[in-house]
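One structure is given here, and the rest of the page talks about it.
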Amino acid sequence: MKKTPHLIAAVDLGSNSFRLIVGRVEENEVGSQIYPLDQLKEPVRIAAGLDEQKVLSEAAITRGVEALQRFAERIRSFSPGHVRAVGTNTFRVAKNLKSFLPALETALGFPIEVIGGREEARLIYLGVAHDLPSHQGNRLVVDIGGGSTEFIIGRHYAVRVTESLFLGCVSYSQRFFPDGVLTAERMQRAVLAARREIQTIAQHYNEVGWQVAAGSSGTAKALLELIEEHGLASNYLTPEAMRGLGQVLVHGGHIDAFKSSTLKPDRLPVLPGGYAIMMAVFEELGIEQMQVSESGLRQGVLYDVLGREQHHDVRQVTVAQFMRRYGVDTGHAQRVSALACTFYRQLLSEGAVEEADAEDSPALQQLDWAACLHEIGLAISHDGYHKHSAYVVAHSDMPGFSRKDQLHLSNLLLAHAGKLGKLLRLLPDRQHWPLVLALRLAVLFYRRRVPSVLPPLQLTHQGQGFSLHLPAGWLNDNPLTEFGLRQEISEWSKMDLTLELAD
């Protein structure tokens, strides 16, 4: 029985910004999933209020109190067990914490927990792991905050190594660029200073090793947006793109001379320090490519509030939730998925598509999800339902899915029915077409929507196309299926691919 959804909230009191995120928890037999409902951000920049003795100024405390009073209105009705507020590096180092923390807690209406660097790292990894697609090997996550930078190596949802270093975008911007003047010499000094700090952990981290690297939350996201805005790279941070961005930064000579159509105004003053730290990360750890996750500490705190650990791919939970939400005929979807995956495995086994392992194929996983979701558009309208299915997937919040993977899944749904001419625009890479063929054939064979025993079917690669092998005489007894297959043959011929029927 489906439980009633409930709301939970996380408050991230970072050194640069205070953030509130509210999520809705939905549960089913597969697991639990959090859907973000509301987010608030206040650029408090509390770390800027620390003096040389690490005492937080009254002005910074006032900014924090006012921000939390606004947050409090949003979560006033929440029970204590459904809210967790955490303070990070500035709260850890402030000498007068005991004197100002009660005022902040009173303003928020909930207790504030000052967490250690390693706990912060764990929660950051938890948030990123639930945002990015599952990966079989180790993943390095780097989170550059206002006063500290967290380094985490984990696998799946489990953390293996965590470190927190005292270098942040606010503190480094104040230390090396206090007047906003940007020069190559200043930037080099900042990068070298950060490298000296990272050297203390580099050997151990390289010994543990990782296969993919990810940057989380604000700084990494801002850097990627700027790199893409200036045409230096797309989708990932790379050493070459970072060096190119560094040249753009120092070119104007002052941070106020730097213009951007994507960067938020509150991010600009702390951009030089964040850039220097990230450049040092790339150079000291030898990173060649880094993906970026918009999730981080606050999302990790949400999952911690939920009080559970997920031991399976969060995307699977998301798909199951979508099936329930849109009233998918689960039995029919499972039958279509099983047959589509059988067709694709047949092509994998003979090397017709470039996948090394049929049981651990990302494409096969996408095919399964596409089969499970191909009819969600029926909840909107039967006419053109595949278009509605594609639209819903493309424009919905789908926790765990990257935007790129979400778009690919949407394209598979759009292509699984109707005319095939759209493939040339949506999926120009022919490597994806066998997925479409497998799904279209599976839908065709289960058009009656009943658990029927199908004959032995074999899909093989044949010259410039494919061949579908059926028992002799079977089509004579199933004229509707034969008609559908003839139409399918005609559609694929328009794509300069042959689909043949063989006994």
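The values are calculated or read from the model by the stated rules, or taken from the named source; none is laboratory data. All values derive from a computational prediction rather than experimental measurement. Glycine gets a Cβ as well: all are built from the backbone with ideal geometry, and neighbour counts include every protein chain shown.
Observations
- Residue ranges of helices (runs of 4 or more DSSP H) in segment 420-503 with at least 1 members among the β-branched types (Val, Ile, Thr): 433-445, 479-493
- Pair list, Cβ < 7 Å and 6+ apart or interchain, from segment 482-503 residues that are closer than 18 Å to Thr460 by Cα and among the aliphatic types (A, V, I, L, M) to residues that are surrounded by fewer than 17 Cβ atoms within 10 Å (Cβ to Cβ) and modelled with pLDDT of 90 or more: Leu485/Leu501; Leu499/Ile489; Ala502/Ser467; Ala502/His469
- Residue count for segment 188-225 satisfying the condition of being buried (at least 22 other Cβ atoms within 10 Å of the Cβ) and at positive phi: 1.
- Filter pass, Val161 being free of Cβ contacts under 8 Å to residues at least 60 places away in the same chain, among the aliphatic types (A, V, I, L, M) and not in a helix (DSSP H, G or I): yes
- Some residue of segment 308-331 being farther than 21 Å from Pro434 by Cβ, among the hydroxyl-bearing types (Ser, Thr, Tyr) and modelled with pLDDT under 90: yes
- Subset of segment 213-238 (residues that are within 14 Å of the chain's Cα centre (by Cα) and not in a helix (DSSP H, G or I)): Ala213, Ala214, Gly215, Ser216, Asn235, Tyr236
- Filtered residue count, segment 292-305, keeping only those that are in contact with a Gly (Cβ under 9 Å, 6 or more places away or on another chain) and part of a helix (DSSP H, G or I): 8
- Residues satisfying the criterion are absent from segment 396-405 (criterion: in a helix (DSSP H, G or I) and closer than 21 Å to Gln487 by Cβ).
- For segment 96-110, a residue qualifies if it is among the small types (Gly, Ala, Ser) and either closer than 12 Å to Val55 by Cβ or at pLDDT below 95 (or both), and exactly one does: Ser99.
- Single residue of segment 124-169 satisfying the filter (touching a Gly at 6+ places or on another chain (Cβ under 6 Å) and β-branched (Val, Ile, Thr)) that is farthest from Gln316 (Cα to Cα): Ile144
- Check on Pro265, free of Cβ contacts under 8 Å to residues at least 40 places away in the same chain and over 30 Å from Gly81 (Cα atoms): yes
- The condition (being outside the structural domain of Pro43 (by TED's automatic domain parsing) and either without any contact (Cβ under 8 Å) to a residue 12 or more places away in the chain or within 30 Å of Gln365 (Cα to Cα) (or both)) is satisfied by just one residue among Gly147, Gly154: Gly154.
- Meets criteria (free of Cβ contacts under 8 Å to residues at least 24 places away in the same chain and among the hydroxyl-bearing types (Ser, Thr, Tyr)) for Ser134: no
- Output for segment 106-117, where each listed residue is surrounded by 15 or more Cβ atoms within 10 Å (Cβ to Cβ) and part of a helix (DSSP H, G or I): Ala107, Leu108, Gly117
- Members of segment 137-188 that are modelled with pLDDT of 90 or more, small (Gly, Ala, Ser) and more than 24 Å from the chain's Cα centre (by Cα): Ser171, Ser173, Gly180, Ala184
- Residues located in segment 429-461, provided they are among the charged types (D, E, K, R) and crowded, with 19+ Cβ neighbours inside 10 Å: Arg440
- Comparison of Leu439, Leu444, Leu409 shows that the only residue that is in the same structural domain as Ala340 (by TED's automatic domain parsing) and under 30 Å from Ser293 (Cα atoms) is Leu409.
- Segment 255-291: number of residues that are buried (at least 22 other Cβ atoms within 10 Å of the Cβ), aliphatic (A, V, I, L, M) and part of a helix (DSSP H, G or I): 8
- Filter pass, Ser216 being assigned by TED's automatic domain parsing to the domain that holds Glu283 and either acidic (Asp, Glu) or free of Cβ contacts under 8 Å to residues at least 40 places away in the same chain (or both): no
- No other residue among Val30, Val55, Val25, Val93 is surrounded by fewer than 22 Cβ atoms within 10 Å (Cβ to Cβ) and modelled with pLDDT of 95 or more apart from Val55.
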